[in-house]
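The values are calculated or read from the model by the stated rules, or taken from the named source; none is laboratory data. Keep in mind the model is a prediction, meaning the values are calculated, not measured. Cβ atoms come from the backbone with ideal geometry, glycine included; neighbour counts cover every protein chain shown. These area figures cover heavy atoms from the full protein model, side chains too; ligands, DNA and RNA do not enter into them. Shrake-Rupley method; radii C 1.70, N 1.55, O 1.52, S 1.80 Å.
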Amino acid sequence: MLGVLLLLPLYFTQELPKSQLLTFLVAPPPPPPPPPAAQQVAKIMKQIESDLLSGGQLRTPPKIPAKVQMIKEEAPPPLPGGGVVGGVPGGIPGGQAGGVIGSIINATSNLSYIPKLQPVVPQRIRISQGITSGLLLRKVEPSYPVIARAARIQGDVVLKAVIDRDGSIQDLQLVSGHPMLVPAPIQAVKQWRYKPYLLNGQPVEVETTITVIFTLT
């Protein structure tokens, strides 16, 4: 009975399922090749460097490829507002899509409506003693103090002066000088008068230095 059961499938082969027969007939695909070893990759890179580099500098390759693959770049997307690369007819050089720059240029082309700005004139400026000496209109010479002359004292008295817009001495301060020589120059310089110093056509206050020299000779 067991022998009959085993022989029946072999005798009636047309009754076997076709999917099962195909699975036995189709051979499995070959396995993928193994990746190159790290040593082999390093050897290839070293060979490439030795072919292209000589003493740290590039040199001509030993072989020139017969075919060079050209790289095709994708075309840039169209600009918004109908613009194209390089400009369009009717535009202006350096314009942008939408006419932002062009509108500004066209608006600023007519400057007749812009008011003229007046230059800002400072209230007080500092100039040198040489410039103020050329503006001097009236100079009162200080008298030599009798006590200083008797004591044979001589030297320079330096004063810091502020000249008003009308040319008069507004403020006078002592910078240096012998105490016995100071009073006479202060009283004399207070009476000096200058031409108004003009800046951009307008008179301004001037800060300067005045030196009075006392000498026995």
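Numbers at a glance
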read-out	value
Sparse-neighbourhood loop sites, trypsin sites (Lys or Arg not before Pro) in segment 116-203 - DSSP loop, at most 15 other Cβ within 10 angstrom	K116, K139, R152, K190
Links that overshoot a 22 Å alpha carbon limit, given the list K160/K190; K46/K72; K46/K67	K46/K72; K46/K67
Solvent-accessible area of S168 with every protein chain in place, 1.4 Å probe, in Å² to the nearest 10	20 Å²
Solvent exposure, largest accessible area first (probe 1.4 Å, DNA, RNA and ligands not counted), of M70, M180	M70, M180
